[in-house]
1. Looking at 9, 45, 31, can you tell me which residue is surrounded by fewer than 18 Cβ atoms within 10 Å (Cβ to Cβ), at pLDDT 95 or above and of a type in the set (A, V, I, L, M, F, W, C)?
2. So which of 59, 81 is of a type in the set (A, V, I, L, M, F, W, C), within 17 Å of the chain's Cα centre (by Cα) and closer than 15 Å to residue 10 by Cα?
3. When residue 114 is evaluated against the numbered criteria (1) assigned to a loop (DSSP other than H, G, I, E, B); (2) of a type in the set (Val, Ile, Thr); (3) in contact with a Gly (Cβ under 9 Å, 6 or more places away or on another chain), which criterion, by number, is the only one it fails?
4. Inside the range 48-61, can you point out the residues that are surrounded by 16 or more Cβ atoms within 10 Å (Cβ to Cβ) and of a type in the set (Gly, Ala, Ser)?
5. For the list (1) crowded, with 16+ Cβ neighbours inside 10 Å; (2) out of contact with any strand residue (DSSP E or B) (no Cβ under 6 Å at 6 or more places or on another chain), I need the number of the one condition that residue 67 fails.
6. If you take just the helices (runs of 4 or more DSSP H) that sit entirely in the range 160-250, which of them hold at least 2 residues that are touching a Phe, Trp or Tyr at 6+ places or on another chain (Cβ under 8 Å) and under 17 Å from residue 86 (Cα atoms)?
Amino acid sequence: MASLENKVALVTGAGSGIGKAIALTFAAEGAKVVVSDINEEGGNAVVEEIKSNGGTALFVKADTSKPEDNEKLVEHAVQGFGGLHIAVNNAGIGGPAALAGDYPLDGWDKVIEINLSGVFYGLRYQIPALLRSGGGSIINMASILGQVGTKLSPAYVAAKHGVVGLTKAAALGYADQKIRINAVGPGYIHTPLVEKSLTPEQLDGLVSLHPIGRLGESQEIAELALWLASDKASFVTGAYYAADGGYLAQ
């Protein structure tokens, strides 16, 4: 039996990258997946890929920085598939690059709204649905920058530190109600966007930050999320799991 058989999962930011890999992996393990993104073309393409592989999925366009969109996502999961058992709050942005003393105010607001408030709004509507389904698992996508800093990303660092703290608080609040809530901290992940936006020298510099000698792959993060979503992680809650090629061990 597949590890997520008869489960309903919701994944935000699932139109590309890590979110896409998680959605495909969950579907391959038997979950019915609500694929969400602001990018309709990417999200629908993921749904079609899931269906072509024999899985079950539907797409819901949503902006996770809006409470009402998070509520709508949960409603679609419940109406479309009968409940909600797993949620992955993955949607996020990098934001501007600037020192704190020069950081654009609108950039700060947008990063915090999406990367931190968006996770809270997700929890706010996902948790009641999981309670009605008898429990489940929530995975919040943090970052290595949820543990350490980098000088040109104050908003991103603040938001991801906040996600880790929010995860712990929420996990403690529902640990006795069969809901597990954990955070994942990816290192720098190899994506087409990273490859296109960096020079070969910059890419080599990024690789050098990881003792393992390479960037991560989206599928490697998806495998960790799958474990956290499954009953194999039944004693795990309130935890932060880095998948970073040794970045934080230095």
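1. None of the others qualify; the one that does is 45.
2. 59
3. Here residue 114 clears every test but (1).
4. Scanning the range 48-61 gives 55, 57.
5. So residue 67 meets the others, but not (1).
6. 218-229
The values are calculated or read from the model by the stated rules, or taken from the named source; none is laboratory data. Just so we're clear, the structure is a prediction, and the values are computed from it rather than from any experiment. Every residue, glycine as well, gets a Cβ built from its backbone with ideal geometry; the counts of neighbours run over all protein chains shown.
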